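Step one of this worksheet: look at the structure below.
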Amino acid sequence: MFDIGVEQLMGRGVPGGRSKGVAGDREGILAGLKQGAYEKMTQERETQDGGVKPPLQGESAGESAASGRGTFYLETFGCQMNEHDSEKVAGVLLARGYRQVESVDEAGGVLYNTWSIREQAARKVFSRLGEFRPDLVRAREEERSLQGLKPDITCDRMSDLKVRPPKDERTQESPSLAGGEESGAGARSQVPVGDSHRDPSTRDARSGRAPSSAGRIIGVLGCVAQQEGERIFTRAPWVSLVCGSASYRKLPQMIAELEAGNRRVTGLETDTDETFETEVTRRDNPWRAYLTIIEGCDKACSYCVVPFTRGPERSRRSASILEEVRKLADAGYTEVQLLGQTVNSYADPSARKMRFSDLLVAVAEVRGIRRVRFTTSHPRDFGKDIVEAIEAVPGICEHVHLPVQSGSTKVLRAMARTYTRDEYLEKIAMMRAAKREISITSDIIVGFPGEREKDFEETLSLLDAAQYDGAFSFKYSPRPNTPALKMEDEIPEEEKSRRLAILMERQREIQRAHNERLVGKTFEVMVEGKSRREQQWSGHTSSNKVMNFTSREEESLGDYVQVRVVSTTPNSLVGEVVG
Ligand code: 5AD
Ligand code: SF4
């Protein structure tokens, strides 16, 4: 919710993330970049020893041509962790000489980094994959040849691997993607055949044409890969690579296998204790770096697929984290965001045994780092030491995302959230009592099986008590393999929608009142985006509020400015630069 304003300006995806950002906006941003910063944004990369290598784009393009390496298109669905995984995946491929391109048309390999936390997200992936169904591809090629256009084939090493379905599959009717993405009992989604035909968003972003699979590697990464596994090959036989996030370290090897002639490769282990650390991460934002410090999740909330798709919790050694932060600071990054599904459950695997709160302090103390953010925190592991660290160290941003999910202890128990309403509210009280005002945000699910009107009202009253600065709210979505799938007393869809609308309206009012209090106050804002409108800029406060502001000066992206709030909306602040 908070990110909307800036995402529209900046985009967060890797190049080619069709749902993210608009080319024109990017140009708008460029107008405000510090000299050389654009090169940094698009081309710089860290080397193993922390230095900055020559521009990646140019270098890799040159190497690519020289070595005959291919091109890849990478599109990311879902959460911040997926976005960051994509940065690492891109880094791995770029280091091997592949070149990242912005459209499917140009790409020898097409990779979708997927998300399946709610059904709709997973469905979208299969709709995307449906674009490559051989009969649709053939029809498009025929249409193109009738129009006198070249067949849509890119000739490079990746695309030279003629990835074809086996004979038996080729002679069969192509399996329809209809029938939903759920494999087990329970919710079934219907993806209409040819849905992708009708959805203009699935067209190639640059050319406006639908893509072709001819000669391409089509890979599915991330949550849907882990969840559906080899079933993806049955539903979409034109897919040649399926790899869950716990196996990304094997990606180079898997790609090598495809290059060596293997038709299909999979990486679906989750019982690894390795985290996904790469020598090269292709970061998309030149000032804010994301860093995964803990992967997977052991919490087993009864509605959630993450423990199945991302595997058990694995923390990264504190020394390795701090070493990377130092390199990032040397490369000019001023903000780091520590990521984890339950980031505050971090458990240093090294002898140093650094607590999460100590790690926050240590990261903030790295020379050149001005802001440290962290997300997402789990209430169970959220202790006073974290609040004390925020109080003591200005570089640790005063924002905590602490999802509650429900305000009813009965529903929380059914969700296996491991805390009661009162225990949760105690954590809120602890934060509200801090010397520094802490901005608190949350995630809430409505319509969980068995959620009575009384339970829902308890969620509404929790909103009043918690006074969140922001909340992401969702209708419960039944997910495969999860215990909640078998729970009785499903809530009808219309009722879920009704509750969601009421909840969102209540929260909107809370945010409106909250933000109004801030008029006249001054905050430090990182300049992150430039509006098309003259002298208008956008960024975040340390408390993670979106600030849209005017300035008489030409501001430089990545700089920090002091902005006074002149008016507010429920989702953002409007201000002007002071001084
Ligand atoms: N249905 C609806 N929302 C869900 N979330 C996770 N699983 C589900 C589900 N099955 C929400 C939770 C979580 C956020 C990332 O997504 O609120 O905090
Ligand atoms: Fe899912 Fe619960 Fe883990 Fe969050 S804490 S990722 S909701 S299982």
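At a Förster distance of 25 Å, what's the computed FRET efficiency of Glu277 paired with Arg231, Cβ-Cβ distance as r, to 0.05? All intermediate terms of the calculation are to be shown ahead of the outcome.
Numbers: r = 30 Å, r/R0 = 1.18.
Between Glu277 and Arg231 the formula returns 0.25.
Rounded, prolate or oblate: which one fits the range 475-539, using the alpha carbon gyration tensor with axes a ≥ b ≥ c (rounded when a/c is under 1.5, else prolate when a/b beats b/c, else oblate)?
Prolate is the answer for the range 475-539, as a/c is 1.5 or above and a/b outweighs b/c.
Would you please state which residues of the range 116-139 a label at Glu493 would reach in this model, taking the label point 7 Å out along Cα→Cβ and a backbone N cut-off of under 13 Å?
Label zone hits: 119-120.
Set the Förster radius R0 to 25 Å, insert the Cβ-Cβ distance between Ala434 and Glu365 as r into 1/(1 + (r/R0)^6), and round the FRET efficiency to 0.05.
Result of the calculation: an efficiency of 0.80.
With a 1.4 Å probe and every protein chain kept in, tell me what percent of the accessible surface of the range 504-579 is carbon plus sulfur.
So the carbon and sulfur contribution to the accessible surface is 46 percent.
Measure off 7 Å from each Cα along the Cα-to-Cβ vector at Lys353 and Glu505, then give the distance between these two points in nanometres to one decimal.
Each label point is offset 7 Å from its Cα along the Cβ direction, giving 5.4 nm.
Working out 0.36 nm times the residue gap between Lys454 and Ser556, then minus their Cα-Cα distance, what length gain in nm do you get to one decimal?
Length difference between fully extended and current span is 31.6 nm.
Roughly speaking, what is the stretch gain from Gln120 to Gln535, that is 0.36 nm per residue apart minus the C-alpha to C-alpha distance, in nm to one decimal?
Contour length minus the Cα-Cα distance gives 145.5 nm.
With a 1.4 Å probe and all protein chains left in place, how much of the accessible area of the range 285-397 comes from carbon and sulfur atoms, in whole percent?
49
Compute the Cα gyration tensor for the range 285-397, then decide on rounded, prolate or oblate, letting a ≥ b ≥ c be the square roots of its eigenvalues: rounded whenever a/c is under 1.5, prolate when a/b is larger than b/c in the other cases, and oblate in all that remain.
Prolate.
Hey, if we sort Tyr248, Tyr560 by accessible area with the 1.4 Å probe, largest down, what's the order?
Order by accessible area, largest first: Tyr560, Tyr248.
Sorting check: for 286-298, 430-442, 486-498, which peptide has the highest mean count of neighbouring beta carbons within 10 Å, and how do the rest follow?
Ranking the peptides 286-298, 430-442, 486-498 by packing returns 286-298, 430-442, 486-498.
FRET efficiency for Arg380 and Lys521, Cβ-Cβ distance as r, R0 = 35 Å, nearest 0.05?
The computed FRET efficiency comes out at 0.55.
Count charges around Arg355 for me, please; just the other residues with Cβ under 9 Å from its Cβ, Lys/Arg as +1, Asp/Glu as -1. Write out the running numbers ahead of the final one.
Details: positive: Lys353; negative: Asp348, Asp358, Asp385.
Summing Lys and Arg as +1 and Asp and Glu as -1 gives -2.
Between Ala300 and Ser103, with labels modelled 7 Å along Cα→Cβ, what's the label distance in nm to one decimal, could you check?
A separation of 5.0 nm, rounded to one decimal place.
Between the alpha-carbon centers of the range 542-579 and the range 327-398, tell me the distance in whole angstrom.
25
With every protein chain left in place and a probe of 1.4 Å, what is the accessible surface of Asp358, to the nearest 10 Å²?
So the heavy atoms of Asp358 present about 60 Å² to solvent.
How much accessible area per residue does the range 350-502 have, in Å², with a 1.4 Å probe?
About 42 Å² of surface per residue is accessible.
Extension gain Arg512-Asp330, at 0.36 nm per residue separation less the Cα-Cα distance, in nm?
Contour length minus the Cα-Cα distance gives 61.6 nm.
For the range 424-488, rounded, prolate or oblate, judged on the Cα gyration tensor with a ≥ b ≥ c (square roots of eigenvalues), a/c < 1.5 rounded, else prolate if a/b > b/c? Intermediate values should be presented prior to the final figure.
Values: a/c = 2.78, a/b = 2.12, b/c = 1.31.
Since a/c reaches 1.5 and a/b is larger than b/c, the shape of the range 424-488 is classed as prolate.
The values are calculated or read from the model by the stated rules, or taken from the named source; none is laboratory data. Remember, predicted model here, so these are calculated numbers, not experimental data. So basically every Cβ, Gly included, is an ideal-geometry build from the backbone, and we count neighbours across all protein chains shown. Just the protein is used for accessible areas: all its heavy atoms, side chains included, with ligands, DNA and RNA removed. Shrake-Rupley method; radii C 1.70, N 1.55, O 1.52, S 1.80 Å.
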